[in-house]
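What follows is a single structure, written as structure tokens, with notes after it.
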Amino acid sequence: MAFFVHGHRLSITLITTATEAGSINKGRSTMAVKVYERILELFEAEGVNTVFGIPDPNFVHLFVAAEKRGWNVVTPHHELSAGMMAEAYARMNGTPALCICTLGPGIALSAGSMMNALVENSPVIYLGGQRARITEQRVRRGRIQFVQQEALFENSVKWSASIEYADQTDEIIRHALRVSQSGTPGPVYIEYPSHVIQEELDVPPALPPSQYRLVEPGADGDMVIKAAELIKGAQCPVLLVGHAVQCTRAGAKVKELAELMGCPVLQTSGGTAFIEGIEDRTFPYLFAEVADEIVAKSDVVVAIGTEIGEPVHYGRGYLWAEGNTDRKWINIELDAEAIGQNRPIDVPLVGDLRTVVPQLSAALKDSPRQNHPDLARWIEEDRVRLEDLTKQDFSTDSGRVHTGQWVIESTKAMPEDAIHVRDGGCTVIFTWTYLQSKPRDVIWNQNFGCLGTGLPYAVGASVADGGKRPVLFTTSDSAFLYHIGELEVVQRLNLPMVIVVGVDNAWGLEVGVYKRTFGHEKTTEPGVHWSKNVRFDEIAKGLGCEGVYVEKGEDISAAVTAAFESGKPTVIHVPIDPVINHGGNQNLDTPNYDRFRTWYAEGQQ
């Protein structure tokens, strides 16, 4: 076997890791493939068939091979967008995602999405190009499009490595796939120096995941029995469901458990996707009065797919400090190190929720619980709450649309099977309260709190879905401007997307921060107001999409419906009242803002 190190040809005889040390592949036929083809084969074994990124000399061969193999090759207009598209793909597909980044500036521009994926617990694998090592190791020579990359990203990913030799391809890609999905999921960075691009490997067919990593591990049987006994003896058990349930596509399994427990479901703010069949018994933690009562009465909490972090007050502060404060906690958690970090856990069920939830359901099948006696009342009270919100007086002094009405009219027109993508500051806060639909897939950025994710998320989610389901993307103007150029991708791929933009010509949340900090009319609010001449409907037309301008709140729903019926990607520009949007001149009117602020109660949780 021959390979290159710093430009020198070496001949070495060894047992290569590409064949996983002999015995695993004994008797398996081999075939000659290029390194870039092998990378695609290894991802295909994990169910990945899409690549996001902008090609350059390091990757043009990989992109051509991917297209020939039937992959989706999605090329955005910014590497930061590519990483965010990949993250949404991972959330929707239940697998890791592949993001390709050009050496030097390309991988540098993607860095923010790496940090985002790390905090959002998304298994995105970044493959970054690099100059050949012979060039990298030169001393003080001017090098084009070069920076030493790997060290820059170590703290933004779970693991980083480099394919130094062609024969490392299998072990490095497989370990990246292993690490990204083990414990708390997250991103991985792999460097791909140009000297290995055209190397050839003689390898057997790619192994199935079960032969090189732990796939969907289950919980300890005794612990499952203990958890089942706690649930059977409870007066008011509840499920606390986080966004990992959606990301693992495990909704049907959680539905079965909820019905066996006869219990309500509390959504974390990151896990706002509704599970088909149990939408009515699902309530948002912190943003519905019914949920307050449920928390107070709960005596057993089964936490599934959630960090039990700040937005749920670590399961011990704020609402949890009322009612049955000695309640028992069952935690279904893949990462053993996370157990007990934020609060004591009575029964840890360590394993993949896709396996553990059915284990718990099996333990309860012989003695299913009746629905909690208050469940029907809770369902009716929350239905009335949502209905009453629509009857509010939405008139504004400016005549522009009230943000609450913007949410109501946009989301009541959402098709039942639509994917809902959200972005923005104030507009998202209003959405928590006024949302009128119960979408089964919701993509937004909670943990990192990053604006500008929405349009890339919407593209990635729709690509993962195959463009089959409609996508409603509700966003604020400031957030939308981050990556507005990706509208060209929406148009190019003809994605079934309707984008409703609430336009207040300002960084609305930051306007509110100025007022809270200094008082109304006591500061010029530098840096948070921008041009009132921007027309998003016209920009959409310029990028090949449809554009609609809607001035009256009562006309939004019809515009959304018509846009979906047209089958064309559409941007709807809606001027919203800037004072209402940032909470009124005294900042007293943002819905549930005081509760939202409890997420950040430094040192008090």
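Counting only residues that are at pLDDT 90 or above and buried (at least 16 other Cβ atoms within 10 Å of the Cβ), the stretch 515-531 holds 2 of them. Being more than 13 Å from Leu481 (Cβ to Cβ), touching a residue at least 40 places away in the same chain (Cβ under 8 Å) and either touching a strand residue (DSSP E or B) at 6+ places or on another chain (Cβ under 9 Å) or of a type outside the set (Phe, Trp, Tyr) (or both) is true of Val511.
Return the only residue of Val534, Val511, Val500 being within 26 Å of Glu409 (Cα to Cα) and surrounded by 24 or more Cβ atoms within 10 Å (Cβ to Cβ).
Just a single option satisfies the conditions, and that option is Val500.
Residues in the stretch 537-580 that are small (Gly, Ala, Ser), open to solvent by 50 Å² or more (accessible area, probe 1.4 Å) and touching a Leu at 6+ places or on another chain (Cβ under 8 Å): none. In the set (1) in contact with a strand residue (DSSP E or B) (Cβ under 8 Å, 6 or more places away or on another chain); (2) under 16 Å from Gln267 (Cα atoms), the condition left unmet by Gln436 is number (1). Only residues that are open to solvent by 10 Å² or more (accessible area, probe 1.4 Å) and part of a helix (DSSP H, G or I) were counted across the stretch 173-208, and they come to 6. Checking each residue in the stretch 481-517 for being of a type in the set (D, E, K, R), under 22 Å from Gly583 (Cβ atoms) and in a helix (DSSP H, G or I) picks out Glu510, Lys515, Arg516.
Considered as a group, the residues in the stretch 286-300 that are under 16 Å from His313 (Cα atoms) and β-branched (Val, Ile, Thr) include one that is surrounded by the most Cβ atoms within 10 Å (Cβ to Cβ), and that residue is Val295. Filter the stretch 446-473 down to the residues that are more than 13 Å from Val490 (Cα to Cα) and open to solvent by less than 10 Å² (accessible area, probe 1.4 Å), then identify the one that is nearest to the chain's Cα centre (by Cα). So the residue we want is Thr453.
Among the residues making up the stretch 403-424, those that are outside any helix (DSSP H, G or I), touching a residue at least 40 places away in the same chain (Cβ under 8 Å) and either surrounded by fewer than 22 Cβ atoms within 10 Å (Cβ to Cβ) or small (Gly, Ala, Ser) (or both) are Ala413, Pro415, Asp417, Ala418, Gly424. Selection within the stretch 356-380: residues that are among the charged types (D, E, K, R) and out of contact with any Leu (no Cβ under 9 Å at 6 or more places or on another chain). The member of this set that is modelled with the lowest pLDDT is Asp366. One residue alone among Arg249, Arg213 is part of a loop (DSSP other than H, G, I, E, B), on the phi < 0 side of the Ramachandran plot, touching a helix residue (DSSP H, G or I) at 6+ places or on another chain (Cβ under 9 Å) and in contact (Cβ under 8 Å) with a residue 24 or more places away in the chain, and that residue is Arg213. Can you name the residue in the stretch 143-160 that is farther than 25 Å from Glu216 by Cα and aliphatic (A, V, I, L, M) and, of all such residues, is least open to solvent (accessible area, probe 1.4 Å)? Checked the stretch 143-160; the qualifying residue least open to solvent (accessible area, probe 1.4 Å) is Val147.
Does Ala219 fit the bill of being out of contact with any helix residue (DSSP H, G or I) (no Cβ under 9 Å at 6 or more places or on another chain), buried (at least 19 other Cβ atoms within 10 Å of the Cβ), among the small types (Gly, Ala, Ser) and at pLDDT 95 or above? For Ala219, the condition - out of contact with any helix residue (DSSP H, G or I) (no Cβ under 9 Å at 6 or more places or on another chain), buried (at least 19 other Cβ atoms within 10 Å of the Cβ), among the small types (Gly, Ala, Ser) and at pLDDT 95 or above - is not met.
Counting residues that are open to solvent by less than 10 Å² (accessible area, probe 1.4 Å) and of a type outside the set (Gly, Ala, Ser), which helices (runs of 4 or more DSSP H) fully inside the stretch 75-125 reach at least 2?
Answer list for the stretch 75-125: 79-93, 111-119.
Filtered by the rule that a residue be in a loop (DSSP other than H, G, I, E, B) and under 19 Å from Ala506 (Cβ atoms), the stretch 528-555 gives Val528, Trp530, Ser531, Lys532, Asn533, Val534, Arg535, Glu551. Go through the residues of the stretch 590-597 one by one and say whether even a single one is open to solvent by 70 Å² or more (accessible area, probe 1.4 Å), farther than 30 Å from Gln341 by Cα and modelled with pLDDT under 90. Within the stretch 590-597, not a single residue is open to solvent by 70 Å² or more (accessible area, probe 1.4 Å), farther than 30 Å from Gln341 by Cα and modelled with pLDDT under 90. Considering only residues in the stretch 57-74 that are open to solvent by 40 Å² or more (accessible area, probe 1.4 Å) and assigned to a loop (DSSP other than H, G, I, E, B), the one that is farthest from Glu41 (Cα to Cα) turns out to be Pro57.
Counting only residues that are under 24 Å from the mean Cα position of the chain (by Cα) and on the phi < 0 side of the Ramachandran plot, the stretch 573-601 holds 7 of them. Remark: pairs (first residue in the stretch 70-82, touching a residue at least 60 places away in the same chain (Cβ under 8 Å) and under 12 Å from Tyr457 (Cα atoms); second residue assigned to a strand (DSSP E or B) and of a type in the set (Phe, Trp, Tyr); Cβ separation under 6 Å; 6+ apart in sequence or on different chains) = Ala82/Phe52.
Given the structure, is Asp335 farther than 23 Å from Ser122 by Cα, surrounded by fewer than 19 Cβ atoms within 10 Å (Cβ to Cβ) and at pLDDT 95 or above? It is false that Asp335 is farther than 23 Å from Ser122 by Cα, surrounded by fewer than 19 Cβ atoms within 10 Å (Cβ to Cβ) and at pLDDT 95 or above. The set of residues from the stretch 416-436 being under 19 Å from Glu276 (Cβ atoms) and touching a helix residue (DSSP H, G or I) at 6+ places or on another chain (Cβ under 6 Å) comprises Ile419, Val421, Leu435, Gln436. When Val290, Val295, Val301, Val312 are checked against the criterion of being in contact with a strand residue (DSSP E or B) (Cβ under 8 Å, 6 or more places away or on another chain) and not in a helix (DSSP H, G or I), Val301 stands alone in meeting it.
The values are calculated or read from the model by the stated rules, or taken from the named source; none is laboratory data. Predicted model only: the values in this text are computed from it and were never measured. Note that each Cβ is placed from the backbone with ideal geometry, even for glycine, and that neighbours are counted across all protein chains shown. We work out accessible area using only protein heavy atoms, side chains counted, and drop any ligands, DNA or RNA first. Shrake-Rupley method; radii C 1.70, N 1.55, O 1.52, S 1.80 Å.
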